[in-house]
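Notes follow once the structure below has been shown.
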Amino acid sequence: MAKMEVKTSLLDNMIGVGDMVLLEPLNEETFINNLKKRFDHNEIYTYIGSVVISVNPYRSLPIYSPEKVEDYRNRNFYELSPHIFALSDEAYRSLRDQDKDQCILITGESGAGKTEASKLVMSYVAAVCGKGAEVNQVKEQLLQSNPVLEAFGNAKTVRNDNSSRFFDNFLKIEYDILSREDKMGNTSSSNDLLEKSRVVKQPRGERNFHVFYQLLSGASEELLNKLTLERDFSRYNYLSLDSAKVNGVDDAANFRTVRNGGTLKGFNSGKVERIFQCLRILLLLAHCYQAIPGNKFEFGTSGINDLFEMMWCFEVTGINKKKAERMKHFHAFSAVGSLTSITLQDNAGHAYYARDALAKNLYSRLFSWLVNRINESIKAQTKVRKKVMGVLDIYGFEIFEDNSFEQFIINYCNEKLQQIFIELTLKEEQEEYVREGIEWTHIDYFNNAIICDLIENNTNGILAMLDEECLRPGTVTDETFLEKLNQVCATHQHFESRMSKSSRFLNDTSLPHSCFRIQHYAGKVLYQVEGFVDKNNDLLYRDLSQAMWKAGHTLIKSLFPEGNPAKINLKRPPTAGSQFKASVATLMKNLQTKNPNYIRCIKPNDKKAAHIFSEALVCHQIRYLGLLENVRVRRAGYAFRQAYEPCLERYKMLCKQTWPHWKGPARAGVEVLFNELEIPVEEYSFGRSKIFIRNPRTLFKLEDLRKQRLEDLATLIQKIYRGWKCRTHFLLMRKSQIVIAAWYRRYAQQKRYQQIKSSTLVIQSYIRGWKARKILRELKHRKRCEEAVTTIAAYWHGTQARRELSRLKEEARNKHAIAVIWAYWLGSKARRELKRLKEEARRKHAVAVIWAYWLGLKVRREYRKFFRANAGKKIYEFTLQRIVQKYFLEMKNKMPSLSPIDKNWPPRPYLFLDSTHKELKRIFHLWRCKKYRDQFTDQQKLIYEEKLEASELFKDKKALYPSSVGQPFQGAYLEINKNPKYKKLKDAIEEKIIIAEVVNKINRANGKSTSRIFLLTSNNLLLADQKSGQIKSEVPLVDVTKVSMSSQNDGFFAVHLKEGSEAASKGDFLFSSDHLIEMATKLYRTTLSQTKQKLNIEISDEFLVQFRQDKVCVKFIQGNQKNGSVPTCKRKNNRLLEVAVP
């Protein structure tokens, strides 16, 4: 039996429904629920027939590896689970095998992942196409050019940090189809409608094109000095400061990538330098005009009175001062084509308009020139016929609160794309039905041609009327344009305005006077007419073009060819609307010549966060992308179709005649299978190469039967396998038993022989032992008899010796007694003589003492009369002197220890010495403190100064302070200089590190903590990731205004930042640390040393912190902790964050 080939399928292990055509029932709710179910299981791709729906996951998924590329290579579209690689492979194989030009159309709103989708398509095509030195060079240059195009054409918007700001990015890849190998030929990019108004003005929360911020952030000091630029974004008016820094985006690293991309073929160092000079000109153009007395405007900035002296005096453009002076007068076209001279000094509005027009045109032309140069640099030098694959990354349908001219033309193009999408889809369905011999039935659908005609009609279309209004003589304003629309389009069913509506709708506040509304296929859109006329004109004064052409800067001169005096054309240049209309027509014509493939990108939420699926937002996108309409068109005929071979291979186990092998044609096998299953004939049709199934329920029924049959087959396989396993085990056991029995019998006989041999040896040893013991007993008896005689003789001699010893000892005792008695007698005699002598001496001493006292009395009587007057005073002074002398001598012996904390002191002996006693105690304490201080090193003195500072700040205020007194202040707890793990962090910090400690940073949203490295230097406060050592935040000490903490025994503290500073964009910081007292003390001292101002230390159980735009109250409460004595932090609501302290 041949081994069965097992293949995976779109229907295997399906989460939800992989193809929306099979969704049952089909409505908006089930559509969204199916997308959400697949999104929750990381299935971001879903099919609508051959259309791929891509939901942006906002995170990296492991589904784009080289192994995945090989899995989808040369596989049927429905053979594996939905993936963007499947569509890329289908388009590539159609190009290669069927000789058809292909186009992959990627649509969706900003932030839906269109740019990433186009990158994935290009990476897949680059991976599966052929090899070769020239082809590899084209691939490499194609990948290198992408960062350059993103830098110049992408910008940060409210919805997307990397949004393409040119309308359609059409990447054309040419292939050599005559070669036997898949070889990539030329590749080229095209772009239409760069959002050049972003150069001079950006909406709130957005920023200018990436390249300006990358240049100022990543350029070397040498390059910046050469361009006379500064890194401070605030120096340039064209750069928005609201979002100058984007989280997760390293502009400096991206600039290095762009510089590497600048090494493409054809981009030498000179051209790269000239590009940077053009960017410098654009940055400085914002400072062209400044007001002077008399309501006049002149060139100048920062004291330099001439624009071109300011910007090009350093040999940048080559325009001399005389030409610059002439540019103060511009010649502009009037409505009828005549020339009008405008003096900038008399008209501020025209001055600013001229400046911004020059900036927008210079950047737009620079971008177009850059795209053309990249296309030329990556051309492969082949001269064979090629086929083309185009990747079109285009704006999706846009509905904002304020919709202007840009949204109008974007939505117009999406209307055209929807029209061609429906037409090509129906055409593809009809061609397949005809090819397979299936009867075609008419399908009803909404045709949006009426909306396209409302916009593009050459006679009374909105764009035609806008061009007519721009060319009309007289006063032309946005209001006159709206009046004309009301006159011409008032009766159109898809156009609404105040004037076109009946009187009963005049009070409708949703439709202002300066607006009009169009009913697009995706819904109603309200457009503000303000700026329509100016944006459609988009004129550049001729004198500006001529001045640019006459510049010595070769790149700028090449960007303004119309400034050549020899090629002066008095014809008015086409308007922006007409240019865009022509571009859309060219695009539609291009798409109609190619086989289309569609990728619909959907943004799941506005927060750019993973795992969040906003049903309302997704529903809005499903409506304006027309996905339900697409499914209905696909399901209008047959919902599912499949070739006969894979269909028979998948379901052949459901019929006994086709299982396990069918030897006839595949179609005949499928017919037998469906007849056996008794499926109604109206539910399917047989084509020439495919089976067509009308209702998804029929397919799901087949899948359920197949699943049940696979379970039965699995049970059968398990039964056969278990029987084979048991038989094999039994035979092995039987064979093993025979071998074990033979070995056991041999072992038993050997063991019995060994036992008999061992017993024999034991008996022999016992007999020999008995004989040996008998002889030993005889020898011992003989020996004992001989020893007994010797012992008796020894005892006798011992008795005689002891008797003699007793006699000698008695004699010695008698002699000693006589000597003792004689000694006692002599001692008694001596003591009596001594007593007699002492008595005689005492008598003699008594006589001498009595005689001395008598002489003294006699003298005192003689001299009493001379000393009686002064004796009392002298005796008092003498007595007092002796008392003081005795006091000091006693104090010398009773002095306490030299420890400054020893409070012992001798008691006061006399009351009159009380003040002296206290003064001595004070002097002694000061002296021993000085002696103690003299022993300190400079580092110890600094530690004690910090301890003293901590005492003044926290004593009797913070309950945690007493426990910190005995702990030394170490500062560098992590030893960053010694730990190789933090080498990268150490290299990034040039200043002296005062504190290096791991703290818990409290999350502003939910109160959870994250470990961070807290670094305090002499000028900055830094936070770094504990694992990687990467610096997350850097706060200058001048931006720190206050530190707040509670009075309880916890380690939480808040660092308040100065409002409006760059560091305060996310709000204040809330930390938890085991060394709170030390960190707060060092931060206080360092800030005082750096700013010469005392840092405010607030100690309170309730204080306010700033989290982004909200004021949040941090409140400390007493509570029982589940995790012991560790305080816990919890975010209660938007205004309260509670910290439970044990």
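Out of the residues in region 561-590 that are outside any helix (DSSP H, G or I) and touching a helix residue (DSSP H, G or I) at 6+ places or on another chain (Cβ under 9 Å), state the one that is surrounded by the most Cβ atoms within 10 Å (Cβ to Cβ). Among residues in region 561-590 that are outside any helix (DSSP H, G or I) and touching a helix residue (DSSP H, G or I) at 6+ places or on another chain (Cβ under 9 Å), the one surrounded by the most Cβ atoms within 10 Å (Cβ to Cβ) is T575. Residues in region 1047-1069 that are surrounded by fewer than 18 Cβ atoms within 10 Å (Cβ to Cβ) and assigned to a loop (DSSP other than H, G, I, E, B): S1047, N1049, K1058, E1059, G1060, S1061, K1066.
Residue-wise test of (1) open to solvent by 100 Å² or more (accessible area, probe 1.4 Å); (2) more than 23 Å from L1083 (Cα to Cα).
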position: E919; (1), (2): no, yes
position: K941; (1), (2): no, no
position: E946; (1), (2): no, no
position: Q967; (1), (2): no, no
position: Q970; (1), (2): yes, no
position: L985; (1), (2): no, no
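For region 520-559, give me every one of the helices (runs of 4 or more DSSP H) that falls completely inside it and has 1 or more residues that are buried (at least 19 other Cβ atoms within 10 Å of the Cβ), without any contact (Cβ under 8 Å) to a residue 40 or more places away in the chain and not assigned by the TED database to the domain that holds I455.
Values: elements: 532-537, 542-549, 554-559.
In region 520-559, the matching helices (runs of 4 or more DSSP H) lie at 542-549.
Among the residues making up region 591-619, those that are open to solvent by 70 Å² or more (accessible area, probe 1.4 Å) and outside any loop (DSSP other than H, G, I, E, B) are Q592, E615, A616.
For A380, the conditions (1) modelled with pLDDT under 80; (2) closer than 17 Å to L587 by Cα; (3) open to solvent by less than 20 Å² (accessible area, probe 1.4 Å) are fulfilled apart from (2). If the condition is being modelled with pLDDT of 75 or more and open to solvent by 30 Å² or more (accessible area, probe 1.4 Å), then region 123-145 contributes S123, A127. Taking the criterion of being basic (K, R), open to solvent by less than 40 Å² (accessible area, probe 1.4 Å) and free of Cβ contacts under 8 Å to residues at least 24 places away in the same chain, no residue of region 948-965 qualifies.
Under the condition of being without any contact (Cβ under 8 Å) to a residue 60 or more places away in the chain and within 16 Å of L1095 (Cβ to Cβ), the residues counted in region 1051-1063 number 7.
Looking at A714, A741, which is the one that is of a type in the set (G, A, S), open to solvent by less than 100 Å² (accessible area, probe 1.4 Å), within 30 Å of Y651 (Cα to Cα) and outside the structural domain of K656 (by the TED database)?
Matching residue, one of A714, A741: A714.
Can you give me the ranges of the helices (runs of 4 or more DSSP H) entirely in region 191-263 with at least 3 residues that are farther than 16 Å from E1062 by Cα and touching a residue at least 60 places away in the same chain (Cβ under 8 Å)?
On the way: elements: 210-218, 221-227, 251-261.
So the answer is 210-218, 251-261.
When residues of region 1029-1046 are filtered for being in a loop (DSSP other than H, G, I, E, B) and polar (S, T, N, Q), how many remain?
Result for region 1029-1046: 2.
In region 394-407, the residues that are more than 21 Å from Q419 (Cβ to Cβ) form Cβ pairs under 7 Å with partners that are surrounded by fewer than 16 Cβ atoms within 10 Å (Cβ to Cβ) and at pLDDT 75 or above, at six or more places apart or across chains, as follows: S404/G531; F405/G531. Of all residues in region 1010-1046, those being hydroxyl-bearing (S, T, Y) and open to solvent by 40 Å² or more (accessible area, probe 1.4 Å) number 5.
The values are calculated or read from the model by the stated rules, or taken from the named source; none is laboratory data. Keep in mind the model is a prediction, meaning the values are calculated, not measured. Glycine gets a Cβ as well: all are built from the backbone with ideal geometry, and neighbour counts include every protein chain shown. Areas reflect the complete protein model, heavy atoms only, side chains present, ligands, DNA and RNA absent. Shrake-Rupley method; radii C 1.70, N 1.55, O 1.52, S 1.80 Å.
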